[in-house]
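Worksheet: the structure to be examined is printed underneath.
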């Protein structure tokens, strides 16, 4: 019954209009559906959680922005997204994979590994984040990248598979007015 309730709440969250009022409050419905959301975040619909009954495997920090049509595939492992993360549209988070060798009556087998996105990261539109990956703090993933390995903090990664492109210069001095 809890799974049916979660599915219905996710459906409702996905079908509310994309207007500021609902965009700023949709995270509350997703929390009701079992997504672990630390604080206020903006999440645009539709949000795809596969399978829907595993919404409890998703952890989202506060002040995070998730654009429309992002998929969270977390049937056997977790997806953890930090604070102040920006995620573009159509980003896929895939915690499941299969073996390369097909065995009769067994198939390819399935394995799961968690995904972690640290604080202040930015993931561009259409990127794919695969199982077992950690994206470091402040890192940027370019649009369309396929991330298969860990990403260092404050670096830009892009391509298929994603590779280091350039460091991000961080000004550690406070600016005064």
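Full extension from residue 108 to residue 21: what is 0.36 nm times the residue separation minus their Cα-Cα distance, to one decimal in nm? All intermediate terms of the calculation are to be shown ahead of the outcome.
On the way: separation 87, 0.36 × 87 = 31.32 nm, distance 4.56 nm.
Extra length from residue 108 to residue 21 when fully extended: 26.8 nm.
Place a label point 7 angstrom from the Cα of residue 83 along the Cα-to-Cβ direction, then list the residues of the stretch 29-43 whose backbone nitrogen is under 19 Å away.
36-43
What FRET efficiency would be calculated for the residue pair residue 100, residue 50, taking the C-beta separation as r and a Förster radius of 25 Å, to the nearest 0.05?
Details: r = 22 Å, r/R0 = 0.89.
That pair, residue 100 with residue 50, gives E of 0.65.
Under 15 Å from a label point 7 Å along Cα→Cβ of residue 36: give me every residue in the stretch 74-93 with its amide N that close.
Output list for this probe position: 74-83.
Once the convex hull of the C-alpha atoms of the stretch 1-65 is built, how many Å³ does it hold per residue, rounded to a whole number? Intermediate values should be presented prior to the final figure.
Numbers: hull volume 4.4 nm³, N = 65.
Measuring per residue, one finds 67 Å³ for the Cα hull of the stretch 1-65.
For the stretch 47-154, what relative contact order do you get, as a whole percent, if you take Cα pairs closer than 8 Å and at least 6 residues apart?
Computed over the stretch 47-154, the figure is 21 percent.
Antiparallel as a % of all DSSP beta bridges within the chain, to the nearest 5? Mind showing how you got there, number by number?
Numbers: 8 of 41 bridges.
Of all bridge pairs located within the chain, approximately 20 percent are antiparallel.
Looking at (1) 28; (2) 16; (3) 21, which value of percent of Cα pairs over 30 Å apart comes from a calculation on the structure shown?
(3)
Ignoring everything except DSSP H segments at least 4 long, calculate the 222 nm mean residue ellipticity for the chain; use -39,500 (n - 2.57) per segment, divide by total residues, nearest 500.
That comes out to -4000 deg cm²/dmol.
Rule-based calculations on the coordinates, nothing more; no lab input. Everything numeric here is computed off the predicted structure, so don't read it as measured data. Positions of Cβ are backbone-derived with ideal geometry, glycine not excepted, and every protein chain shown enters the neighbour counts.
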